[in-house]
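Worksheet: the structure to be examined is printed underneath.
The values are calculated or read from the model by the stated rules, or taken from the named source; none is laboratory data. Worth saying up front: this structure is predicted, and the values here are computed from it rather than measured. Neighbour counts are summed over all protein chains in view; Cβ atoms, including those assigned to glycine, are modelled from backbone coordinates with ideal geometry. These accessible areas exclude ligands, DNA and RNA; they are computed on the full protein's heavy atoms, side chains included. Shrake-Rupley method; radii C 1.70, N 1.55, O 1.52, S 1.80 Å.
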Amino acid sequence: MTVSTKPRPSLFGLPIGMPLVLFALAVSVAVLKPLLPGALIRVPLDAVMPYDHWLQRLFDFITHDLGFGVLTRYISSGLEVLLDATGNLLFGKNRWPNIGPLPWTSIAAAMAVLGYALGGRKLAVLTGFTFVWVALVGQWDLAMQTMSVIAVAAPLAILAGLGLGILSWKSRTFEKCLAPVLAILQTLPFFTYLLPAVIFFKVGPTAGCVATALYAVSPMVLMTTLGLKKVSPEVVEAGKMSGSTRWQMLRHVYLPSARTEILVGVNQAIMLSLAMVVLTAFIGMPGLGAKLLSLMNSLKLGRSFEIGVTIVLIAITLDRLSKAWVVKQPVHFERGTPWWRRNIYLLFAIGLFALFWAVSTVFPLAGIIPRGKDLSIGTQIDGVFDIVLNNSVLVAVTGWLRWFLITWVLIPFRDGLLWLPTTAVLCAIAAVGYAVGGRKSALLAAGFFAVVAATGWWDRAMITLYAVLSAVVIAACVGLPLGILAAQRKRWADPILIACDTAQTFPSFIYLIPAIMFFGVNDVAVVFAIFIFATVPLMRYTIEGIRAVPEELIEAADMSGATRSQKLWKVQLPIALPTMAIGFNQAIMFAFFMVIIAAFIGTQDLGQELQKTLAGADLGKNFVLGICVALMALAFDHVLMKWSANRRKILGVG
């Protein structure tokens, strides 16, 4: 006897039973809002738990009763020694070892040699040009103040990440405990890193160094663990057969085999360090970030642009150097090769460094370019921007666009989200979660948002969500068509991918400059800044997804007589959707990060409240607000990645 089972009803491969019920419930709650009790519309104030006060008491207990404040003072004093040393060498801070500042020509020459050693002539030119540019436009001291912190924070993040990654690889229990911590760290807004650093490590470079190292450590941990897990069993077996000890196995087998993944982690740690150290200007960290913040506060956009170019050049240079290190294979020399031949680039760099140091003693301009003798054109750029931005056509276009978006799109969408009852939103989120991953995903996604509601910051969270969703939808309308066009035309794909790679190296603060230039200080500027930031991963993953479609499927479609449009809609896009979903996920993560930075423009969301906490010592409130942002981001991350994994399984692509 055969038993027939009826297939479950579905839409686009997703079940529609319980999700449809939950969505209908969400709509019913929204429609019946005037008849509902207040408790179903918003969590009553009496029911809001004082999480911020509880957390503040916990932090006070850790700081004072457990003596954590004493420990951080010892750590702070050690960091100050390192920061004083790098500060003396790079920009002449009056501290040990009292031999700085090093001549800018010496540093530029040595870095150019490093670029040549890692990536050849082109990278040497880029590296040398960057450091010469920084000196000639009069931003050397500012740049070196920034680099002096990165020189301490990035190695700290790399070493800590390497150690934690090894422990995570060795212990499955430790990995399970560490995974949620890393997930939260990667989604916490940067303001949440700043206030604890200020409270425990004082305002200035020390706090900036700690916040930067904490922010940059996560990718190093993840890439180290991933690399060690991927080491081939044959390589491990060969190491054991040679009689290696556990330490020798780690030092000579596992770490060299995981070299590529570890160096990718180093690249990400360096880039995140630069991104964060610019943002530490909010807690008194001097350097390029502080100068950019000051100029943007004064709406001196030309000089802000010049500083922005410097930050971008440094970011691109550090990114290219660290990526070149990833792909460059170790050079092995025959036994007996002279020491000087094995270290020819190092000797050449030392020689050029010493030569230019000697030149700087004769020609002071080769050591430091004083103010007034630099080639800064910030004032002239201000004038050009004034002419361009006052152009009647540009003013009319941006003015109309600002009016249209605010009047007909953004404000109605924001007011709609704020009007919806909390229970309706939770039911809708549960419906999406259930459709994607069943009961567990529904509970997880809705539970994250329920925690946000229970904190009492629901309305601010919805304003944050409105900015994120508005920007991502606009980014999708632009990024997806561009990505599809580029994927179908190879001569477009490579330049766009290079542009995406370059744009991803930009510190996020940079994206505020064009937003303020074109739209002033309002919601459109906020959404525009997020839109630029979020478009990059959408384009990149669309191109990568379509290009990864197997050639056999394309040939089969051609043989069946499919048109280009049919191949796109019936073959390429369905196969590419899981990869494109990862692009959407990254776009939303980027948007949540950027919306907090956009608080500088003047928003009314969680970012604005987070920024206010920096003026005091309310660590509990700061942490609660940060967790609200992180939980919303994690809910989207879980749903999108779960859908992508399910889709890959259906397609049989992993």
Measuring from centroid to centroid over Cα atoms, what is the spacing of segment 419-477 and segment 569-596 in Å? 18 Å
Relative to 2.2 N^0.38 Å, what does the C-alpha radius of gyration of segment 463-512 come to as a ratio? Two decimals please. 1.37
Non-local residues with an amide H under 5 Å from the amide H of R42, with H modelled 1.01 Å from N and Pro and chain starts lacking one, are T422
If you average the C-alpha positions of segment 297-344 and of segment 118-191 separately, how far apart do those two centres end up, in angstrom? 12 Å
Which whole-Hz couplings ³J(HN,Hα) result when phi for each residue of segment 289-297 is put into the Karplus expression 6.51 cos²θ - 1.76 cosθ + 1.60, θ = phi - 60°, listed in order with x for Gly and Pro? x, 5, 5, 5, 4, 5, 5, 6, 4
In Å², what does the accessible area per residue of the chain work out to with a 1.4 Å probe? 49 Å²
With the radius of gyration and the Kirkwood radius both derived from the Cα set of segment 333-485, what is their ratio Rg to Rh? 1.29
Testing the spin-label approximation: label points 7 Å from Cα along Cα→Cβ at K440 and M249. State their distance in nm. 3.1 nm
Enumerate by residue number the trypsin sites (Lys or Arg not before Pro) in segment 310-369 meeting two conditions: DSSP loop (anything except H, G, I, E, B), and at most 15 other Cβ atoms within 10 Å of the site's Cβ. K328, R335
Let me know the shape class of segment 350-433, please: from the alpha-carbon gyration tensor, a ≥ b ≥ c as square roots of the eigenvalues, rounded when a/c is under 1.5, otherwise prolate if a/b is greater than b/c, or oblate. oblate
So, R0 is 25 Å and r is the distance between the beta-carbons of S232 and T337; what FRET efficiency does that work out to, to 0.05? 0.30
Per-peptide average of other Cβ atoms within 10 Å, ordering 392-402, 591-601, 573-583 highest first: 591-601, 573-583, 392-402
Student exercise, the chain dipole from Lys, Arg, Asp, Glu Cβ charges, in Debye to nearest 20: 1380 debye
Student exercise, segment 17-82 dipole from Lys, Arg, Asp, Glu Cβ charges, in Debye to nearest 20: 300 debye
Set Lys and Arg Cβ to +1 and Asp and Glu Cβ to -1, take the dipole of the chain about its Cα centre, and tell me which of F404, L577, A238 lies farthest positive. A238
Of G367, Y434, L318, which is farthest along the charge dipole of segment 303-442 in the positive direction, counting Lys and Arg as +1 and Asp and Glu as -1 at C-beta? Y434
With a 1.4 Å probe and every protein chain kept in, tell me what percent of the accessible surface of the chain is carbon plus sulfur. 68 percent
I'd like the projected area of the chain, averaged over all directions, using the convex hull of its alpha carbons. Report it in nm² with one decimal. 39.1 nm²
In what sequence, highest mean first, do 35-42, 276-283, 107-114 appear when ranked by Cβ atoms within 10 angstrom? 276-283, 107-114, 35-42
What FRET efficiency, computed as 1/(1 + (r/R0)^6) with R0 = 51 Å and r the Cβ-Cβ distance, is obtained for N94 and D65, rounded to the nearest 0.05? 0.85
Would you please classify the overall shape of segment 291-374 from the alpha carbon gyration tensor, given that a ≥ b ≥ c denote the square roots of the eigenvalues, rounded means a/c under 1.5, and beyond that prolate means a/b larger than b/c while oblate covers the rest? oblate
Relative contact order (percent) for the chain, with alpha-carbon contacts under 8 angstrom and 6 or more residues of separation? 20 percent
Working from the alpha-carbon coordinates of segment 98-214, get Rg over Rh, Rh being the Kirkwood radius. 1.09
Calculate how steeply helix 140-170 sits against the longest principal axis of the alpha-carbon atoms of the chain, using the helix alpha-carbon long axis, and give the answer as 0 to 90 degrees to the nearest 10. 60 degrees
Once phi is turned into ³J(HN,Hα) by the Karplus curve 6.51 cos²θ - 1.76 cosθ + 1.60 with θ = phi - 60°, what whole-Hz value does each residue of segment 130-135 show in order, with x for glycine and proline? 4, 6, 5, 4, 4, 6
